Amino acid sequence: MNRYTSEFRRHCQGASDTDRYFVAMNVSAGKVGTVSGGPGGKIDEVLAFDRAESTGTYIGQVNAIRVSSFCSPHGLVWGYDAARATPEPRHLLTSIKQWDGSDVPIYRGTVLTRAAKSLFGTRQHPRFPLSPGTLLPVAMKEVEARGPAILFAGCAVGIRSTEGEGASVLMEVADVLSPSGGGESPRIRLEAVRRHLAESVLIVARNQGTKVASVFVKLIWLRVDQDEVGCCMSFVPYFRLAADAMPAGGLDVLRTMSLDDWIRWTGETSTQLS
């Protein structure tokens with residue numbers, strides 16, 4: 001059995017320290033109506049968290065183990081190192097110089113979150129979801145809050161440079177947007193958060209003496225009304241790939257496939273998964 005491959009045919013499985021593994025970028029949000037009050041109000045936050053896990057890309061029914069935010073040289077970023085979703089010109093946001101003076105392109109993280117959805121599927125249409133109850137290392141941040149409020153969550157993935165043995169850098173954020181914003185709209189204020197996320201990846205790389213080749217950034221926000229509780233989360237799982245999601249030629253073949261090639265190989269089309 002390939003060390004990158006799950007024990008299960010149709011389910012991905014949480015990775016252990018001795019495994020080779022994949023990581024996948026995901027950000028999600030959900031909200032529920034309040035059903036309890038007083039000391040029991042925290043239950044509503046749990047329910048909002050559960051809704052966020054099961055909305056959009058399905059990452060539910062797992063036992064998450066919070067980990068620090070690096071992807072080692074033997075870890076593969078799904079949608080980049082394997083089943084690559086090549087960024088188009090429209091995905092390029094800007095470029096930022098890193099500590100050695102080289103320019104690092106900053107891309108919209110939609111490229112990688114689409115890859116994650118194509119792998120795991122949704123609650124209504126599962127593809128190769130995480131195994132129910134699996135012990136799952138996750139780089140994550142989440143925020144829950146009662147309305148009225150605006151919540152946000154974001155994730156940045158700094159792809160390691162081919163130079164040296166450095167790790168890819170993962171950065172997560174989740175918070176409540178402050179009511180005061182100098183008159184700026186939430187969208188404009190969150191654009192500043194997105195840039196700061198990208199810059200923070202480069203700061204971490206500088207602190208560690210490593211370099212990154214590119215950065216992918218994804219940010220979402222959620223408006224929560226009165227009598228609602230919401231949750232926004234950044235959720236990057238470390239996992240082994242479902243056996244049926246690995247081509248017959250193994251990892252060497254998978255790493256040569258584009259995301260669309262891999263989707264077609266599994267018997268679906270990009271249109272069906274959009």
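Throughout, read-outs are computed from the coordinates displayed, never taken from laboratory work. All of these numbers come straight from a predicted model, not from anything done at the bench. In this analysis, Cβ positions are derived from the backbone assuming ideal geometry, glycine residues included, and neighbour counts consider all displayed protein chains.
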Exercise. Based on the mean of other Cβ atoms within 10 Å per residue, sort peptides 96-108, 213-225 so the most packed one is first.
Key: 213-225, 96-108
Quiz item: What FRET efficiency do you get for Val176 and Val35 if R0 is 25 Å and r is their Cβ-Cβ distance, rounded to the nearest 0.05?
Solution: 0.75
Quiz item: Tell me which lysines have Cα within less than 16 Å of Lys97's Cα, excluding those fewer than 8 residues away on the same chain?
Solution: Lys211
Practice problem: Give the calculated FRET efficiency between Thr162 and Arg3 to the nearest 0.05, with a Förster radius of 30 Å applied to their Cβ-Cβ distance. | Solution: 0.85
Quiz item: Given labels modelled 7 Å from the Cα in the Cβ direction, how far is it in nm from Trp99 to Ile65?
Solution: 3.0 nm
Self-check item: Summed side-chain charge close to Ile96 - residues other than Ile96 whose Cβ falls under 15 Å, Lys, Arg +1, Asp, Glu -1
Solution: +2
Quiz item: So, in nm, how far is label Leu92 from label Asn207 when the simple model puts each one 7 Å beyond its Cα toward the Cβ?
Solution: 3.0 nm
Quiz item: How large is the helix-only mean residue ellipticity at 222 nm for the chain, computed as the sum of -39500 (n - 2.57) over DSSP H runs with n ≥ 4, divided by its residue count, in deg cm²/dmol to the nearest 500?
Solution: -6500 deg cm²/dmol
Quiz item: Sequence-distant or interchain residues sharing an amide H contact under 5 Å with Thr34, placed H: which?
Solution: Glu228, Val229
Quiz item: What's the FRET efficiency of Thr18 with Arg195 using the Cβ-Cβ distance as r and R₀ = 35 Å, to the nearest 0.05?
Solution: 0.40
Quiz item: Quick one, which of [x] 55, 45, 36; [y] 67, 44, 28; [z] 109, 42, 35 is the actual Cα extents along the principal axes in Å calculated for this model?
Solution: [x]
Exercise. Could you calculate the contour length gain from Ser185 to Lys42, that is, 0.36 nm times the residue separation minus the distance between their Cα atoms, to one decimal place in nm?
Key: 48.5 nm
Practice problem: Please say if the stretch 168-213 is rounded, prolate or oblate, where rounded means a/c under 1.5 for a ≥ b ≥ c the square roots of the C-alpha gyration tensor eigenvalues, and otherwise the choice is prolate for a/b larger than b/c and oblate otherwise? | Solution: prolate
